[in-house]
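See structure below.
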Amino acid sequence: MTDDVEKQIEALKASGNLPRHVAVIMDGNGRWAKKRGLPRLEGHRVGRESVRTIVRTCAKLGIPYLTLYTFSLENWQRAIEEVDGLMAFLEDVLETEYLELNENGVQLRVIGRTDMLPESTRKILGKTVEKLKANSRLVLTLAISYGGRAEIVDAARGIAKDVRGKRLDVDAITEELFKRYLYDPNLPDPDFLVRTSGEMRISNFLLWQIAYSEVYVTDVLWPDFREQELIDSIHAYQKRERRFGH
């Protein structure tokens, strides 16, 4: 990290107007690799450094929540070789990045239909979550095997079961109650949603939670998104007036 970046981070911290929760759609790994004539997984490998950098920078900034769209439900439709490679890659990241995550005070959470993951991946995820559970500087949530519509459907199923079991009255259902049935009801809604690669869509990510999130889209592909790109995005966030529908 250069002295200039360090100074910019300190200036952002001093401003006091930082998002509490940043959510990121990490897009463009495959295109980054294709542009260079490389296998798609090479884009994910380089994108790993972007993840490390953004986690580290958010911790330095004092941003308490970061959620990364890691693997969507739609991603299961990709070629089996790529899916298997991504699962192996995720396992390796969890095992090798644990020490740095712990040093940065990162607590790890996971949202999504994780029952669809390979057993080995679920085990490593569970162990890593357990080892980092006492940390409180930054809550890093990985959306894995995740879909926004699926989360809403799963929440509705949970409510329906409780109504059928007479544990919940239909008239008691409110937005606040509905949130309790989401994958992580304790996760605050994102203030700021960042999407890389220039695509102007949400891609089924945190559909319930981003109702009033500020959205920022950059043409930068995820493997090239580092400290300066995050700083630039937060500068853009600070210039906005959040109205919440008013």
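Before moving on, here are some points about what is shown:
- Residue check: Asp154 meets all listed conditions (1) surrounded by 15 or more Cβ atoms within 10 Å (Cβ to Cβ); (2) in a loop (DSSP other than H, G, I, E, B); (3) not hydrophobic (A, V, I, L, M, F, W, C) but one, namely (2).
So that you can scan it fast, the table gives a plain yes or no per residue for (1) within 18 Å of Arg149 (Cβ to Cβ); (2) in contact (Cβ under 8 Å) with a residue 12 or more places away in the chain:
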position: Glu175; (1), (2): yes, no
position: Phe178; (1), (2): yes, yes
position: Asp184; (1), (2): yes, yes
position: Pro188; (1), (2): no, yes
position: Leu193; (1), (2): yes, yes
position: Ser197; (1), (2): no, yes
position: Ile202; (1), (2): yes, yes
position: Phe205; (1), (2): yes, yes
position: Gln209; (1), (2): yes, yes
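- When segment 160-188 is filtered for residues that are among the basic types (Lys, Arg), within 30 Å of Leu138 (Cα to Cα) and part of a loop (DSSP other than H, G, I, E, B), only Arg180 remains.
- Near pairs, Cβ below 6 angstrom, 6+ apart or cross-chain, from segment 80-100 (within 15 Å of Arg45 (Cβ to Cβ)) to any residue that is of a type in the set (Phe, Trp, Tyr) and assigned to a loop (DSSP other than H, G, I, E, B): none
- Put simply, of Ser197, Ser145, Ser213 the only residue that is closer than 30 Å to Ala33 by Cβ, touching a Ser or Thr at 6+ places or on another chain (Cβ under 7 Å) and hydroxyl-bearing (Ser, Thr, Tyr) is Ser145.
- Selection within segment 209-243 - assigned to a loop (DSSP other than H, G, I, E, B), of a type in the set (D, E, K, R) and at pLDDT 95 or above: Asp219, Arg226
- Qualifying residue in segment 82-103 (condition: over 29 Å from Asp4 (Cα atoms) and assigned to a loop (DSSP other than H, G, I, E, B)): no
- Within segment 30-41, if we keep just the residues that are modelled with pLDDT of 95 or more and of a type in the set (D, E, K, R), the residue that is nearest to Gly16 (Cα to Cα) turns out to be Arg31.
- Residues being loosely packed, with under 15 Cβ neighbours inside 10 Å, farther than 25 Å from Leu187 by Cα and modelled with pLDDT under 95 - total across segment 89-139: 2
- Those helices (runs of 4 or more DSSP H) of segment 1-79 in which at least 3 residues are β-branched (Val, Ile, Thr), considering only elements entirely within it, cover 40-61.
- Residue match in segment 70-85 (condition: under 23 Å from Ile234 (Cβ atoms) and crowded, with 18+ Cβ neighbours inside 10 Å): yes
- Residue within segment 194-203 that is part of a helix (DSSP H, G or I) and among the acidic types (Asp, Glu) present: no
- Taken together, the residues in segment 227-244 that are touching a strand residue (DSSP E or B) at 6+ places or on another chain (Cβ under 7 Å), without any contact (Cβ under 8 Å) to a residue 40 or more places away in the chain and either within 15 Å of Thr53 (Cα to Cα) or crowded, with 19+ Cβ neighbours inside 10 Å (or both) amount to 0.
- One residue stands out in segment 157-170 among those that are of a type in the set (Lys, Arg) and more than 26 Å from Gln77 (Cβ to Cβ): the one that is surrounded by the fewest Cβ atoms within 10 Å (Cβ to Cβ), namely Lys166.
- Just one of the numbered conditions (1) out of contact with any Leu (no Cβ under 9 Å at 6 or more places or on another chain); (2) in a strand (DSSP E or B) is not true of Val139: (1).
The values are calculated or read from the model by the stated rules, or taken from the named source; none is laboratory data. Note that the coordinates shown come from a computational prediction; the quantities given were computed from them, not determined experimentally. Cβ: placed from backbone, ideal geometry, glycine included. Neighbour counts: every protein chain shown.
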